[in-house]
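The structure appears below as structure tokens.
Each value in this text was obtained by applying a stated rule to the coordinates, not by laboratory testing. Here the structure is a predicted model, which is why all the values come from computation and not from measurement. Here the Cβ positions follow ideal geometry from the backbone for every residue, glycine too, while neighbour counts run over all protein chains shown.
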């Protein structure tokens, strides 16, 4: 059974997503007519709003972008692109000034200067916060208000992108579901800012919407993706029931909170001299191994923060109190949880993907700024810096291109199929597979088994279950990349290949065959877009310039 198109709309630039990257892109695309589509409430739902951590930016008198770059490259375990990192840290101060001009209010010290804190793997205090631990919410508020006031931006809520529409090898729009209607939205430039994939894991700090939607959309449109095996697990999620798990921000450890076992011993110093301030992959893995050995792990902030907790970290304090915990007097049980995807759709310095007409920014994109392990609090900054650049580039490109003209009957058959209601059992099974076999530690046998289980699960789905198929596609891409990388590096740990291999200072590129199901992968250089128009080696090189 098929259903036709109910409405046809058009914009110069269509932005999918309303987090920091999406709203920044929309505002930067001034001069174009921009439509932002989001499945939730713009500026009030999604990962940006939930971000407790701050913005890492070199503003202190003892700091400099070069120092920030050095810390970022060190955490990235050899896979960050130096040019992308330099751009991230170099444009950071200006991006923050832009946020302030839009009305964002950041925490200040007694003398009126920016109140900067320190987080893991940073050599300086350079983390800028708002409301103590509500930085993301403040950024989303400021950007959302600016977008609402911008005459060139139209925000449409309750709109889900189901398919990217192509014509002659170029993305020319998207098929949306909105208010029970099927909408064909045409645009010369489409920008994906759809976030990450953490909610595909059993334990996550991400909102339920973070299921890799943009990764699947881009792959089905022929884009090249890379570094998907590098999923970052936050080491200190509150061990509680439900999803997402409450995040215990890294700033707690920066303020002196300790990670201890059931005896009160700070065991992290056994694996790294920096202890709680070691890179996230080190802390998360050490915590995970303790828990797997049936040991308890806690975050203890009683001595370092104590009675100041409600004022200093109000979001965390409220989450703890909802679960009958008081961080002023209680140790907080913690567990690692899926938190951030370092890889994504390959983009260049202007957010261009390997498919003409398609841009990407934020967590869905692989800019090269994170490598194998993201430095704490660099993600909001990356979303802002690349969101602004991508919006400007998309608007400039749209100005040179005619509005697409596409006969509704010419849309590919899968795009016009009715999307079946989601089967919660499929997602539950998928999340368990990823957590158990593609989690903090992996091995070849478990990864191969995961691929077989994911493929078997997909074979049970009806053809019209596009949501389930997209989620399984993302899971298969992550697992394929993890199986391909036969070493341990950053957030990717293989027990059968426990050491980093210098020969693997390379990238695993993944793309979808034209059949819409089979995956191709190679080490950076051999794979291209599905239509053969852009070479994967060139795509990766472009992010390094």
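Relative contact order for the chain: 21 percent, from Cα pairs under 8 Å spaced at least 6 residues apart, divided by residue count.
Under the rule a/c < 1.5 gives rounded, and otherwise a/b versus b/c splits prolate from oblate, where does region 322-362 land using the Cα gyration tensor? Since a/c reaches 1.5 and a/b is larger than b/c, the shape of region 322-362 is classed as prolate. Secondary-structure-derived ellipticity at 222 nm for the chain, considering helices only, amounts to -10000 deg cm²/dmol, per-run term -39500 (n - 2.57) for DSSP H runs with n ≥ 4.
Note on residue 5/residue 41: beta-carbon distance plugged into 1/(1 + (r/R0)^6) with R0 of 22 Å gives a FRET efficiency of 0.30.
Is region 141-235 best put as rounded, prolate or oblate by its Cα gyration tensor, with a ≥ b ≥ c the root eigenvalues, rounded for a/c under 1.5, and otherwise prolate when a/b is larger than b/c, oblate when not? Oblate.
Between region 315-343 and region 469-483, the alpha-carbon centres lie 29 Å apart. The convex hull defined by the C-alpha atoms of region 239-337 has an orientation-averaged projected area of 6.0 nm².
Using 0.36 nm per residue and subtracting the Cα-Cα separation, the extra length available between residue 74 and residue 500 on full extension is 151.9 nm. Any idea how far the Cα center of region 420-448 sits from the one of region 381-406, in Å? If we compute the Cα centre of each part, the gap is 35 Å. Residues 6, 63, 111 in ascending order of nearby Cβ atoms (within 10 Å, fewest first): 111, 6, 63. Of the residues 50, 342, 403, 477, the one with the fewest other Cβ atoms within 10 Å heads the list, and the complete ranking is 403, 50, 477, 342. Taking every C-alpha pair closer than 8 Å and separated by at least 6 residues, the mean separation divided by the residue count of region 239-337 gives a relative contact order of 31 percent. Centre-to-centre, using Cα atoms only, region 146-167 and region 22-53 are separated by 9 Å.
For region 342-395, the square roots of the Cα gyration tensor eigenvalues, ordered a ≥ b ≥ c, give a/c of at least 1.5 with a/b no greater than b/c, which places it in the oblate category. Dimensions of region 280-427 from C-alpha coordinates, computed as largest minus smallest value along each principal axis and given longest first, are 64, 38, 30 Å. Residues 201, 298 in ascending order of nearby Cβ atoms (within 10 Å, fewest first): 298, 201. Start at zero, step by 20 Å, and the Cα-Cα distances of the chain spread as 23, 59, 18, 0 percent across the bins. Quick one: if the Förster radius is 56 Å, what FRET efficiency do residue 125 and residue 406 give, using the C-beta to C-beta distance and rounding to 0.05? Result of the calculation: an efficiency of 0.60.
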